[in-house]
1. Would you be able to tell me the number of residues in the range 50-76 that are among the polar types (S, T, N, Q) and either in contact with a Pro (Cβ under 7 Å, 6 or more places away or on another chain) or outside any strand (DSSP E or B) (or both)?
2. Give the residues of the range 64-84 that are touching a Leu at 6+ places or on another chain (Cβ under 8 Å), under 16 Å from V149 (Cα atoms) and not β-branched (V, I, T), sorted by residue number.
3. Can you run down the residue pairs with Cβ atoms below 6 Å, 6 or more apart or on separate chains, where the first is in the range 48-60 and small (G, A, S) and the partner is surrounded by 13 or more Cβ atoms within 10 Å (Cβ to Cβ)?
4. Among (1) more than 26 Å from P53 (Cβ to Cβ); (2) assigned to a strand (DSSP E or B); (3) not charged (D, E, K, R), which single condition is Q99 missing?
5. Check off (1) at pLDDT 95 or above; (2) part of a loop (DSSP other than H, G, I, E, B) for V138 and give me the number that stays unchecked.
6. Take the conditions surrounded by 14 or more Cβ atoms within 10 Å (Cβ to Cβ) and of a type in the set (A, V, I, L, M) and apply them to V55. Does it pass?
7. Scan (1) out of contact with any strand residue (DSSP E or B) (no Cβ under 8 Å at 6 or more places or on another chain); (2) in contact (Cβ under 8 Å) with a residue 40 or more places away in the chain; (3) within 24 Å of P54 (Cα to Cα); (4) not polar (S, T, N, Q) for the single condition G131 breaks and write down its number.
8. If a residue must be within 20 Å of L137 (Cβ to Cβ) and among the hydroxyl-bearing types (S, T, Y), how many such residues does the range 89-125 contain?
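The values are calculated or read from the model by the stated rules, or taken from the named source; none is laboratory data. Predicted model, so just to flag it, every value in this text is computed and none were measured. Cβ sites come from the backbone with ideal geometry, for glycine too, and all protein chains shown count toward neighbours.
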Amino acid sequence: MAEASSGSRKLLWIMIVLVVLSSLGAAAAIYMVLGHGNGGEAGQTQVAAKPEPPVFARIEPFTVNLSDDRYGSRLLYTGITLRVGDEQSKKIIEEHMPQVRSRLLILLSGKQASELTSVEGKEALAQAIIGRLNVPLVENQPPLDLQEVLFTDFIVQ
């Protein structure tokens, strides 16, 4: 009976050692996966890669007459917000808002309602707006960083 008791003690010690070793292995794997095993470089990268908040330039909503189509004269009421890459672009747009609105009114008044009612038409219009506003507003203007045109209001009637 003494042999059975010493055998079960050995088995108990072997199981305890295996549990401790597997726990240490799991802890080491978690430590490496979380990026702490490479000298903290991943932690520094996460801090440096903190995204900057987006910069928006809002254009007040306006109404424009669209080109005549088979239904006659139609109207477009739209509000536009521009997502820009930096504060300098936003400042330029805000300082020259009358020119920006004029360019948009001229662009929109040449469109027909049928062009603007589809998703593809709106996407094409957004690209046309970026193209029109990328033409410098004043001499020696730095290039604008226009990233996206967002339609906040859009009613064709």
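1. Looking only at that region, the number is 2.
2. Answer for the range 64-84, where residues must be touching a Leu at 6+ places or on another chain (Cβ under 8 Å), under 16 Å from V149 (Cα atoms) and not β-branched (V, I, T): L82, R83.
3. Going by the 6 Å Cβ cut-off, the qualifying pairs are A57/L82; A57/V84; A57/K90; A57/I93.
4. Unmet for Q99, out of (1) more than 26 Å from P53 (Cβ to Cβ); (2) assigned to a strand (DSSP E or B); (3) not charged (D, E, K, R): (2).
5. (1)
6. yes
7. With respect to (1) out of contact with any strand residue (DSSP E or B) (no Cβ under 8 Å at 6 or more places or on another chain); (2) in contact (Cβ under 8 Å) with a residue 40 or more places away in the chain; (3) within 24 Å of P54 (Cα to Cα); (4) not polar (S, T, N, Q), G131 is out only on (2).
8. Here the count works out to 3.
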